[in-house]
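Have a look at the structure below, then the notes.
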Amino acid sequence: MSEVITEYSEFLESTPAHWNRFKMQEVGRIVSGGTPSRDVPSLWDGGIPWVTPGELTSLPTKEIHETAETISAAGLSGSGANLLPAQSLLITSRATLGARAVNSVPMATNQGFKSLVPFNEQMTDFLYHLVDKIKPEMVRRASGTTFLEISGSEFGDIDLSLPPTEEAVKIAEILDTLDAAIRGTEAVLAKLKAMKQGLLHDLLTRGIDANGDLRPTQPEAPHLYKQTPLGWLPKEWDCGRLEDYCSRICVGIVIKPADYYVEEGVPTFRSANVREGYIAESDFVFISPASNAMLHKSQIRKGDILTVRTGYPGTSAVVPEEYDGCNCVDILISTPLGSISSEFLCSWINSPFGKGQVLSGQGGLAQQHFNVGEMRELIVVKPSSAEQEMITSRIDTAEAKIQTEQKLLNKLRLQKSGLMDDLLTGRTPVTSLL
């Protein structure tokens, strides 16, 4: 009987001849976990960290230092839990298979783990990265109806192809360095997004005065503000319904749109193409020029605002010039009048002030549609044209910083993905990168 070719077996066959083959159980001691009885308080809140799978799936780093719960020595001895020495490899073995971490202090786990205590501690970091390639094999070997789970014997039987220790250490160092760069960039990105949210709140409630500065807050200068349905806003600002500031609010093609699709033709927007503040230029569908002419009521123009109705309702983007005259499917279309800029209005709709109204309008919406009538009733603000321009400029500057970091993050993730394929298969000798 011929051997079944799997994704993982192909991976193994691509590794160099000088890498040695082992079973998982030959490279380390496989350790299961357990849960002390919840009915016995003395088994809990001791000094032994106790890990659950959920803590690994949300872990932003390779190492785990502390846990949400701890157990006592009695809890350890009175359950299936085992104490894992530091520098063990904790691997989830049920439901979510293959989430992993390295413990920096001795820990125990619940029964959702098949952890590995490597016989050669220098291999721990390499094995941590290798688990990413092992996941498909874990899934293939797992069984279960409610959720998948891999047994200790199946886990221990997994074949590994391992480089010499010195080579493994260098590979792990390179991948660890990339992981650190990714985490650092993620932290910067999160900080920039938080800063933008704070900036949005200030800009859209206080605005910018004639000197180019944020106005003082309402408690600091109450004479500069007026009470509105949206709270205290600068007294110079108008406040009204969206339909007061738009010449058109309608919806894209809703009746059997797929009947019009063709292989090539006029790009036609769907919800997936509308992101917060920009257009995702992929996965377009197309309709013919004749269908586009017939469906002229849903044609979009440069400066129109497209707003998602379901999934992420309220998410909006401005139509750029290159898509003038295209069409859209089941998306709200708003055409601002000249007194309010498309970019400012789009920023308002995307802000908590706009989306908050969208989501509260129908109790969180769930899977309901955000409709034309509700869009028309959306309360918006209108500063002077000059102030709109200044506000938009500052929002754009903040967003540009976010996009720069996002591009760097995408590049690092792509680089890591490529290096993992190259290094963990030995396709690129680690010495060539040093």
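The values are calculated or read from the model by the stated rules, or taken from the named source; none is laboratory data. Since the model is a prediction, treat every value here as computed from it, not as a measurement. As a convention, Cβ positions derive from the backbone with ideal geometry for all residues, glycine included, and neighbour counts pool all protein chains shown.
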### Query
Within segment 242-261, how many residues turn out to be among the β-branched types (Val, Ile, Thr) and free of Cβ contacts under 8 Å to residues at least 60 places away in the same chain?
1
### Query
Applying the selection to segment 253-277, what residues are surrounded by fewer than 13 Cβ atoms within 10 Å (Cβ to Cβ) and of a type outside the set (A, V, I, L, M)?
Lys256, Asp259, Glu263, Glu264
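In segment 241-261, which residue that is part of a helix (DSSP H, G or I) and under 21 Å from Cys346 (Cα atoms) is nearest to the chain's Cα centre (by Cα)? If you could, list the steps in order and put the result at the bottom.
Step one: of segment 241-261, the residues part of a helix (DSSP H, G or I) are 242-245, 257-260.
Add one more test, that the residue is under 21 Å from Cys346 (Cα atoms), and what stays is 242-245.
Numbers: Leu242: 31, Glu243: 34, Asp244: 36, Tyr245: 34 Å.
The selected residue is Leu242.
Could you check segment 312-330 and list, in sequence order, the residues that are closer than 14 Å to Arg248 by Cβ and at pLDDT below 95?
Our first condition is that a residue be closer than 14 Å to Arg248 by Cβ; within segment 312-330, this holds for 319, 328.
If the condition is that a residue be closer than 14 Å to Arg248 by Cβ and at pLDDT below 95, then no residue fits.
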### Query
Can we say Lys302 is under 18 Å from Val254 (Cα atoms), out of contact with any Gly (no Cβ under 6 Å at 6 or more places or on another chain) and assigned by TED's automatic domain parsing to the domain that holds Val251?
no
### From Leu148, Leu130, residue being farther than 30 Å from Ser37 by Cβ, of a type in the set (A, V, I, L, M, F, W, C) and either in the same structural domain as Leu43 (by TED's automatic domain parsing) or loosely packed, with under 15 Cβ neighbours inside 10 Å (or both)
Leu130
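To keep it simple, each residue is scored yes or no on (1) touching a residue at least 60 places away in the same chain (Cβ under 8 Å); (2) under 18 Å from Thr96 (Cα atoms).
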residue	(1), (2)
Ser115	yes, yes
Asn120	yes, no
Val131	no, yes
Lys135	no, yes
Val139	no, yes
Ala142	no, yes
Ile150	no, yes
Ser153	no, no
Glu166	no, no
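Please state which one of Ala95, Ala74, Ala68, Ala17 is surrounded by fewer than 19 Cβ atoms within 10 Å (Cβ to Cβ) and in contact with a Phe, Trp or Tyr (Cβ under 6 Å, 6 or more places away or on another chain).
On the way: Ala74 fails: in contact with a Phe, Trp or Tyr (Cβ under 6 Å, 6 or more places away or on another chain); Ala68 fails: in contact with a Phe, Trp or Tyr (Cβ under 6 Å, 6 or more places away or on another chain); Ala17 fails: in contact with a Phe, Trp or Tyr (Cβ under 6 Å, 6 or more places away or on another chain).
Result: Ala95 is the single residue among Ala95, Ala74, Ala68, Ala17 that is surrounded by fewer than 19 Cβ atoms within 10 Å (Cβ to Cβ) and in contact with a Phe, Trp or Tyr (Cβ under 6 Å, 6 or more places away or on another chain).
Give segment 305-333 a look and list any residue that's assigned to a loop (DSSP other than H, G, I, E, B), touching a residue at least 40 places away in the same chain (Cβ under 8 Å) and at negative phi, or say none. Steps first, please.
Restricting attention to segment 305-333, the residues satisfying the condition of being assigned to a loop (DSSP other than H, G, I, E, B) are 308-315, 319-320, 324-326, 330-331.
Next cut, touching a residue at least 40 places away in the same chain (Cβ under 8 Å) only: 308-315, 319-320, 325-326, 330-331.
Within segment 305-333, Val308, Arg309, Thr310, Tyr312, Pro313, Thr315, Val319, Pro320, Cys326, Ile331 qualify.
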### Task
Kindly list the number of the only condition in (1) of a type in the set (Lys, Arg); (2) under 30 Å from Val430 (Cα atoms); (3) free of Cβ contacts under 8 Å to residues at least 12 places away in the same chain that fails for Arg38.
(2)
## Note on the structure
Among Arg206, Arg309, Arg301, the single one that is at pLDDT below 95 and either surrounded by 14 or more Cβ atoms within 10 Å (Cβ to Cβ) or among the small types (Gly, Ala, Ser) (or both) is Arg309
### Summary
Log entry, pairs with first residue in segment 420-434 being under 10 Å from Ile174 (Cα atoms), second being assigned to a helix (DSSP H, G or I) and at pLDDT below 70, beta carbons closer than 9 Å, six or more apart or on different chains, reads Leu423/Leu433
### Message
Can you confirm whether Asp238 is under 35 Å from the mean Cα position of the chain (by Cα) and acidic (Asp, Glu)?
### Response
no
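Filter segment 262-284 down to residues that are in a loop (DSSP other than H, G, I, E, B) and touching a residue at least 40 places away in the same chain (Cβ under 8 Å) and give me whichever is farthest from Ala317 (Cα to Cα). Spell out how you get there, then give the answer.
Taking segment 262-284 and keeping what is in a loop (DSSP other than H, G, I, E, B), we get 263-265, 270, 276-277, 280-284.
Retained after the next criterion (residues that are touching a residue at least 40 places away in the same chain (Cβ under 8 Å)): 270, 276-277.
Numbers: Arg270: 12, Glu276: 6, Gly277: 4 Å.
Across segment 262-284, the extreme among qualifying residues is Arg270.
Would you mind stating whether Ala386 is farther than 18 Å from Tyr245 by Cβ and part of a helix (DSSP H, G or I)?
Details: farther than 18 Å from Tyr245 by Cβ: no; part of a helix (DSSP H, G or I): yes.
No.
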### Summary
Among helices (runs of 4 or more DSSP H) entirely within segment 94-207, at least 1 residues that are under 30 Å from Ile379 (Cβ atoms), of a type in the set (A, V, I, L, M) and under 23 Å from the mean Cα position of the chain (by Cα) occur in 165-205
